[in-house]
1. Going through ALA642, ALA706 one at a time, which residue ends up being small (Gly, Ala, Ser) and in a helix (DSSP H, G or I)?
2. Checking the structure you have, find out if any residue of region 469-482 is at pLDDT 95 or above, over 20 Å from THR144 (Cα atoms) and within 20 Å of the chain's Cα centre (by Cα).
3. Find all pairs meeting these conditions: Cβ atoms under 7 angstrom apart; at least six residues apart or on different chains; first residue within region 730-751 and over 21 Å from TRP615 (Cα atoms); second residue open to solvent by 50 Å² or more (accessible area, probe 1.4 Å).
4. Please go through region 667-697 and pick out each residue that is outside any helix (DSSP H, G or I) and in contact with a Phe, Trp or Tyr (Cβ under 7 Å, 6 or more places away or on another chain).
5. Restrict the check to region 392-401 and report whether at least one residue is open to solvent by 20 Å² or more (accessible area, probe 1.4 Å), closer than 20 Å to VAL457 by Cβ and in a loop (DSSP other than H, G, I, E, B).
6. Please specify each residue of region 444-472 satisfying the condition of being over 30 Å from SER28 (Cα atoms), in a loop (DSSP other than H, G, I, E, B) and either open to solvent by 10 Å² or more (accessible area, probe 1.4 Å) or in contact with a helix residue (DSSP H, G or I) (Cβ under 6 Å, 6 or more places away or on another chain) (or both).
7. Taking ASP283, is it surrounded by fewer than 21 Cβ atoms within 10 Å (Cβ to Cβ) and either more than 22 Å from HIS337 (Cα to Cα) or among the polar types (S, T, N, Q) (or both)?
8. How about region 787-874: which helices (runs of 4 or more DSSP H) wholly inside it have at least 3 residues that are in contact (Cβ under 8 Å) with a residue 12 or more places away in the chain and surrounded by 11 or more Cβ atoms within 10 Å (Cβ to Cβ)?
Amino acid sequence: MEIPKKFDPIKSEEKWYKHWMDKGYFYSKPDEREAYTVVIPPPNVTGVLHMGHMLNNTIQDVLVRKARMEGKNACWVPGTDHASIATEAKVVQKLRRDGIKKSDLGREEFLQHAWDWTNEHGGIILDQLKKLGASCDWNRTRFTLDKKYYESVIDTFIDLYNKGYIYRGERMINWDPEATTALSDEEVIYKEVNSKLFYVRYKIEDTDDEWLVIATTRPETILGDSAICIHPDDERYQHLKGKRAIVPLVNRSIPIIEDDYIDMEFGTGCLKVTPAHDPNDYDLGIKHKLETINILDEKGKLNENAQVFVGEDRFEVRKKIEAELHESGYLVKVEDHVNKVGFSERTDAVIEPRLSLQWFCSMKELSKPALENVMNDTIQFYPSKFKNTYRHWMENIKDWCISRQLWWGHRIPAWYYGKGEDDFVVAKTHEEALGRAWEKSGNQDLSLEDLKQDEDVLDTWFSSWLWPISVFDGFESEEEVSYYYPTNDLVTAPEIMFFWVARMIVAGYEYRGDLPFKNVYYTGIVRDKLGRKMSKQLGNSPDPIMLMEKYGADGVRVGMLLTSPAGNDLPFDSSLCEQGRNFSNKIWNGFRLIKGWEINEEHEQPEAAAIAQTWFNIRLNQQLAEINDCFQKFRISDALMAIYKLVWDDFCNYYLEMVKPGYQQPIDQKTYNQAIGFLDQILRIMHPFAPFISEEIWHLIDNREADLIVAEWPKVDTSLGLDNNPINDQFTVAAEVISNIRTIRLDNGIANKVKVEMFVKTDAEVDRTFDPIVTKMGNLSKLEYTNEKINNAFSFVVKGKEYFIPFTENVDMAGEREKLLEELNYTRGFLNSVQKKLANERFVNNAPEQVVMSERKKEEDAQSKIKILEEKLQRFQ
């Protein structure tokens, strides 16, 4: 079979992915084997592949492919998330381009547009993952709005409501004015921004000219003030206790209250209290029974309660009210100020604290098993440093706002039948709700038309927290969930530890009484060369598909994983993918070299080849043991680096060079078979990381029927005595000797095909195991041991032994002596400068100890080098 000179990744990827799919290797169903289960973190249904997906899914595929080769029933479940906020925003934008407003459509008509959008754009990312080589069971692809999945979400809401965990109430929530919906605390990203601190004076009521100055970053909310608060111990304001102040611009009289919540050191030590627009002010308002004045509508514009600037955007009003306060004499001064502001994780809009009637899930009791079983390592985090972050969040967990003011998603199964705050029931169907409404209200005259379902949908995370259970239809049948659950490993990003990971653990213990996964591997963030997170907005993220087209899927997979240890950010550069492609080329060329050898069955195995076989067999098994240990500890990047070095250095650069026959010479059958056997083992170890090229070479070796994807993962041969085997040190010495021989050849223009002699001066017992290897790879005509130094020779020292290569006829003796003299004089000059510095008492006494030690080391090294150079000069006769 003719082997192409270059590996064609595009052709290979298409061929082998189709082959694996046709053979059903990704398909899984319960059987007698041990299950190995991974559920994909479901990407947004209308999303496209980015570098974070590439990293995350490559790691998942590595784990799944290895488990498959270990004989486990590997099941990797793919799917997508309906992503309420993101998807609805895209549909609204699309409708706007078409001249349609969402408000002009009914709910059902809008949802039809949303489904059309989803059907047109959804699933693109899953097809892109196939290009990467993801070995998911595509027959199991799930969507969080699938009928069965939808029902499991609604059933969960009803169950938690009936248990008393879900309730409806007015609370201060995070409001996204752009998406016009509530957000949970975890969906708010806090950023430091440069803003202003406005000092505004309030007149004390019933005084002629007494004023109180407060400092605020949000002067527009002055219009909603209900009080001014001072600290009870603040001597500056004792005379104001019990008095009232007048709100600027709107002339509303408000009380001056006292509370030790006040920070006397911040601003003026006085706080304007606006209960409707600040969570801390809201708490003060409840405590002191203050009026709550909401001055903003759902779009972030001022409403009628503001009295002025009605209908204008909050940020425009901030500019205008500054000028108005200045002109009216209320603005004392303005200072630059840096503060943290909350932004929507989805739309990047500035979050507005807002009082709203929402649905909440009480988390304090539900979360207890989830905290306990991470902290006691029942569920293991990799790296474990994330346990502290997890513990802090879980110990301070707040009730979860689960309602969203959207139409795309799981509609809340609450039905309203009256105008009272408690005139509602929770039920799965309209008909069931009517029966419950009769029972609760006692009004048998209620009809279906009298019941109105809640317009809101559930937070997207309220569906995805059920993912490890619902993908196996675990709420309606035990058939699959009892086999595949709990899953084994979850690979995800630390930024969704609270959104998703923690909540899945909560749901797992609540509904299965068990953990949802045994291990959580946290990836880092993919960053550019400047350390910035890759994003569309910055335009610093390469197109993963284009990268795979240029470097091959294997090249990108290997390139990304070479420098991405768990939990650490990946500083990505396309040169990493080039390194990955070069790795593929290296093993391809090594394979072509082997297949290019002519075999002579009559030839005996050379001694050098026999030694090489013994050494590499031990080396291969040692590295395999290390690779297995890395996998066990989820050091995936370290496992790949061990494979990389095994292939590049040990196999290609040394083993193949050790055993390859001379130019136009045949190879013996035994050595050839051993080389193919080692290549077979290497391909198995490589396969999880570089599936396409490994499968390609596997079949080119012998046109096999069996496929590498389901070949057995190699087992470590412990009978070889892998711990502290002396052959490792023997090889290290031999490799250093060979490197020195090659350096001498290169520096002195001695071609590799020209044979040279080498003498080794030593007085001790010498291990000669690798002499045949050194003789072969150094192309030596003679290798002898001696007690004497050899004159007129190049020399070097390895492990206390001196090696001499006599000059050939072509060596310029005078020139070599001149080079040595030049180097000797330079070194003497360098030594003189170092000794002068050390003779300076001020330097020795005042410089840091490590600096002085470094100079003494330079002195010692220079003296040793001068001695060697002087000895070399003496041998030039």
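The values are calculated or read from the model by the stated rules, or taken from the named source; none is laboratory data. None of these values were measured; they are calculated from a predicted model. We place every Cβ from the backbone using ideal geometry, glycine too, and count neighbours over all the protein chains shown. These area figures cover heavy atoms from the full protein model, side chains too; ligands, DNA and RNA do not enter into them. Shrake-Rupley method; radii C 1.70, N 1.55, O 1.52, S 1.80 Å.
1. Numbers: ALA706 fails: in a helix (DSSP H, G or I).
It is ALA642.
2. No, the conditions are met nowhere in region 469-482.
3. If the second residue must be open to solvent by 50 Å² or more (accessible area, probe 1.4 Å), the pairs left are ARG745/ASN752.
4. Restricting attention to region 667-697, the residues satisfying the condition of being outside any helix (DSSP H, G or I) are 667-668, 687-690.
The answer is ILE667, and nothing else.
5. Filtering region 392-401 for residues open to solvent by 20 Å² or more (accessible area, probe 1.4 Å) gives 392-393, 395-399.
Of the ones still in play, those that are also closer than 20 Å to VAL457 by Cβ are 399.
When the remaining residues are screened for being in a loop (DSSP other than H, G, I, E, B), the result is 399.
Looking for residues that are open to solvent by 20 Å² or more (accessible area, probe 1.4 Å), closer than 20 Å to VAL457 by Cβ and in a loop (DSSP other than H, G, I, E, B), one finds at least one in region 392-401, hence yes.
6. We begin by selecting, within region 444-472, every residue over 30 Å from SER28 (Cα atoms); these are 444-459.
From the residues that got through so far, the ones that are in a loop (DSSP other than H, G, I, E, B) too are 444-447, 451, 454-456, 459.
Matches in region 444-472: GLN444, ASP445, LEU446, SER447, LEU451, ASP454, GLU455, ASP456.
7. On the way: surrounded by fewer than 21 Cβ atoms within 10 Å (Cβ to Cβ): yes; either more than 22 Å from HIS337 (Cα to Cα) or among the polar types (S, T, N, Q) (or both): yes.
Yes: the conditions hold for ASP283.
8. Details: elements: 813-839, 841-846, 849-874.
Result: 813-839, 849-874.
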